[in-house]
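*Asks:* Can you keep this structure in mind? I'll have questions shortly.
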Amino acid sequence: VAMAHLVAGLARCWCPSPLQVINFPVVQLHMSLMAMRASQKDFENAMNQVKLLKKDPGNEVKLKLYALYKQATEGPCNTPKPGVFDLISKAKWDTWSALGSLPKETARQNYVDLVSSLSSSSKSSGQVEPGADRKPPGYETLVVTSEDGITKIMLNRPTKKNAMNRQMYHEIMLALEAASKDDSRITVITGNGDYYSSGNDLTNFTDMASGKVEELAKNSAILLRNFVGCFIDFPKPLVAVVNGPAVGISVTTLGLFDAVYSTDRATFHTPFSHLGQSPEGCSSYTFPRIMSPSKATEMLIFGKKLTAREACAQGLVTEVFPDSTFQKEVWTRLKAYAKLPPNAMRISKEVIRNKEKEKLHAINAEECSVLQERWLSDECMNAVMNFLSRKAKL
Ligand SMILES: CCCCCCCCCCC/C=C/C(=O)SCCNC(=O)CCNC(=O)[C@H](O)C(C)(C)COP(=O)(O)OP(=O)(O)OC[C@H]1O[C@@H](n2cnc3c(N)ncnc32)[C@H](O)[C@@H]1OP(=O)(O)O
C-alpha cells in the first residue's frame with residue numbers, strides 16, 4: 001500500500017499526464033526505499049527473535065516468513081515446482097514464487113518488519129484472555145466457517161471492496177483445498193460488506209516498480225492459472241452468494257460455479273479493455289456458451305455492466321432475490337440442499353463437468369499466457385497508474 005501511495009504520489013507530482021508515468025519514477029522510488037532498508041544485522045536479529053516467539057504465528061505467517069527468508073537469502077524462486085500432492089512443499093514454493101522479483105533487500109526489510117510485528121503482538125499476549133493463544137490459525141483475508149453441511153468462504157476485505165490481493169488468491173486456494181476434503185456437502189463463496197468483490201487488487205501491480213517485470217508477470221500468470229485451476233477441479237457443488245457488485249475475476253469465475261444466487265443490488269462487469277487486459281477465468285470459453293457470443297462480446301470486450309436481472313436473463317446468474325430478503329432466502333434454500341445425499345451430488349457434478357475439464361484447463365493456460373503479455377503493455381500500465389493516481393473509476 002505504501003508503494004502504491006508512493007507511485008500514485010509520484011504520478012500526481014511529477015507527471016502532467018499519466019501516460020508518461022511508467023518509466024522514470026522507478027529509479028527514484030528504489031533510491032528512497034533503499035534508505036530505509038534493514039541491515040544484515042537486523043535480519044540476523046530477526047531470525048533469532050523468530051525462535052523466541054511464545055505464540056505459534058500460524059501457517060499463513062510461517063509461509064510468509066519462509067518465502068521472505070528464501071527471497072532475502074537466495075533471491076527469486078527458480079527451483080522446480082513440487083508435485084500437486086506434495087501440499088506443504090507446493091504451498092512453500094507458491095508463496096516464495098509469488099514474491100516474483102522482489103529485491104533481496106526489500107524481502108529482508110519485510111522479514112524484519114513482520115518479525116517485529118509478531119514480537120510486539122506476542123509481548124502483549126499476557127493481556128489477552130487465557131487460552132486465546134491456542135486458537136487455531138486463521139486466514140487474513142477470509143472468514144471461513146462450516147455449519148449445516150455448508151462451508152462458507154467469505155471474502156473479507158470490505159474496506160477495499162474485497163479486492164483480491166496476492167494473499168487472498170493464496171488463501172482462497174487453500175480454503176477450497178480444505179473445503180474439498182472436509183465433511184461439508186456444499187461450498188459457498190460470498191463477500192463481506194457492500195461488495196461481492198472488486199476483482200484483482202490493482203495494487204498487485206505496484207511490485208512492477210521493483211524491476212524484472214517480465215519475471216513478475218510470469219509468476220503472476222502461474223498464480224492466476226493455479227487459482228482458476230482450483231475452481232475447475234473443485235469436486236463438490238460450488239455456489240456463489242453474490243451479496244453486491246462484482247468486477248473482473250470475481251465475475252469471470254462465476255462461469256465455473258454450479259449455481260449463482262444474487263441480490264438485486266449486484267452488478268456484473270469486466271472492464272478488461274479499459275484496463276488494457278484480456279479475459280481470464282475461462283470466460284473466453286464459458287461466457288459465449290452461457291450467454292451467446294455477441295452478449296459475451298459486450299461484456300468481455302466492451303466492458304458492459306449488467307444488472308443482476310440482466311445477468312440472470314443471460315444465464316450467468318441462477319436466481320435474483322430482493323436485497324431485503326436475500327440472505328434469509330438464500331441460506332434457507334442452501335441448508336435444504338445441503339441435506340441431499342453428498343455422494344449423489346458429487347457424482348452428478350462429475351458427470352456434468354468432467355467432459356469439460358481438460359478443455360477448461362487448456363483454455364485457462366491460454367488465457368493466462370495472453371494476459372502475461374498484456375500486463376507488460378503500455379495500455380495496461382497506463383490504466384493501472386490511472387487507477388492508482390485516482391484519475392479513473394472503472
Ligand atoms: C504483473 C502483475 C499482475 C498482478 C497480479 C495478477 C493476479 C491475477 C490477476 C487476474 C486478472 C484479474 C482481472 C480483474 O479482476 S480486472 C478488474 C480489476 N478491478 C477494477 O478495475 C476495479 C477498480 N475499482 C474501482 O473501480 C472502484 O474502486 C469501485 C467501482 C470498485 C468502487 O468504487 P467506490 O467509489 O464505491 O469505492 P472506492 O473506489 O473508494 O473504494 C474503496 C477502497 O477500496 C479500494 N479498491 C477498490 N477496488 C480496488 C481494486 N480492484 N484494487 C485496489 N483497490 C481497490 C479503493 O482504492 C479504496 O481504497 P482507499 O480507501 O484506500 O482509497
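The values are calculated or read from the model by the stated rules, or taken from the named source; none is laboratory data. As the structure is a computational prediction, the values presented were derived from the model and not from experiment. Using ideal geometry, Cβ is built from the backbone for each residue, glycine included, and neighbour counts are taken over all protein chains shown.
*Asks:* Could you tell me how many of the residues in segment 197-210 are under 30 Å from K104 (Cα atoms) and within 8 Å of the ligand (Cβ to nearest atom)?
*Replies:* Of the residues in segment 197-210, 9 are under 30 Å from K104 (Cα atoms) and within 8 Å of the ligand (Cβ to nearest atom).
*Asks:* Could we say that K355 is free of Cβ contacts under 8 Å to residues at least 24 places away in the same chain, surrounded by fewer than 18 Cβ atoms within 10 Å (Cβ to Cβ) and among the basic types (K, R) here?
*Replies:* Taking the combined requirement at face value, the residue satisfies it.
*Asks:* Can you find a residue that is at pLDDT 95 or above and surrounded by fewer than 20 Cβ atoms within 10 Å (Cβ to Cβ) anywhere in segment 195-207?
*Replies:* No - not one qualifying residue is present in segment 195-207.
*Asks:* I've got another one for you. Tell me which of these L275 doesn't satisfy, since it passes every other one: (1) touching a residue at least 12 places away in the same chain (Cβ under 8 Å); (2) more than 14 Å from the ligand (Cβ to nearest atom).
*Replies:* Checking L275 against (1) touching a residue at least 12 places away in the same chain (Cβ under 8 Å); (2) more than 14 Å from the ligand (Cβ to nearest atom), the one that fails is (2).
*Asks:* Something else now. What do you reckon, is N382 within 16 Å of the ligand (Cβ to nearest atom), surrounded by 15 or more Cβ atoms within 10 Å (Cβ to Cβ), over 23 Å from S250 (Cβ atoms) and not β-branched (V, I, T)?
*Replies:* Yes: the conditions hold for N382.
*Asks:* Further question on the same structure: Criterion first (aliphatic (A, V, I, L, M) and buried (at least 19 other Cβ atoms within 10 Å of the Cβ)) does L340 satisfy it?
*Replies:* Working: aliphatic (A, V, I, L, M): yes; buried (at least 19 other Cβ atoms within 10 Å of the Cβ): no.
No, not satisfied.
*Asks:* Hey, can you tell me all the residues within segment 333-350 that are in a helix (DSSP H, G or I) and either of a type in the set (G, A, S) or over 15 Å from L238 (Cα atoms) (or both)?
*Replies:* Initially, segment 333-350 is screened for residues in a helix (DSSP H, G or I), giving 333-337, 342-350.
Correct list: A336, A344, S348.
*Asks:* Another one. Taking segment 363-379 only, how many residues are under 15 Å from T270 (Cα atoms) and either among the charged types (D, E, K, R) or away from the ligand (no atom under 11 Å from the Cβ) (or both)?
*Replies:* 1
*Asks:* A further question follows. Restricting the search to segment 141-166, which residues are within 16 Å of the ligand (Cβ to nearest atom) and farther than 15 Å from I249 by Cβ? Talk me through it step by step, then tell me what you get.
*Replies:* So the first thing to find is which residues in segment 141-166 are within 16 Å of the ligand (Cβ to nearest atom), and the list is 141, 155-166.
Within segment 141-166, N156, P158, T159 qualify.
*Asks:* Then there is this: Taking the condition of being of a type outside the set (F, W, Y), touching a helix residue (DSSP H, G or I) at 6+ places or on another chain (Cβ under 8 Å) and in a loop (DSSP other than H, G, I, E, B), how many residues in segment 260-275 meet it?
*Replies:* 6
*Asks:* A follow-up question, please. Within segment 45-102, can you find the residues that are part of a loop (DSSP other than H, G, I, E, B), at pLDDT below 75 and of a type in the set (V, I, T)?
*Replies:* Across segment 45-102, the qualifying residue is only V84.
*Asks:* Within segment 278-310, track down each residue that is of a type in the set (D, E) and away from the ligand (no atom under 13 Å from the Cβ).
*Replies:* Across segment 278-310, the qualifying residues are E298, E310.
*Asks:* Scan segment 201-209 and give yes if some residue there is aromatic (F, W, Y) and part of a helix (DSSP H, G or I), otherwise no.
*Replies:* Yes, the conditions are met somewhere in segment 201-209.
*Asks:* Further question: When you scan segment 211-237, how many residues do you find that are over 15 Å from the mean Cα position of the chain (by Cα), more than 6 Å from the ligand (Cβ to nearest atom) and crowded, with 21+ Cβ neighbours inside 10 Å?
*Replies:* Residues flagged as over 15 Å from the mean Cα position of the chain (by Cα), more than 6 Å from the ligand (Cβ to nearest atom) and crowded, with 21+ Cβ neighbours inside 10 Å within segment 211-237 amount to 1.
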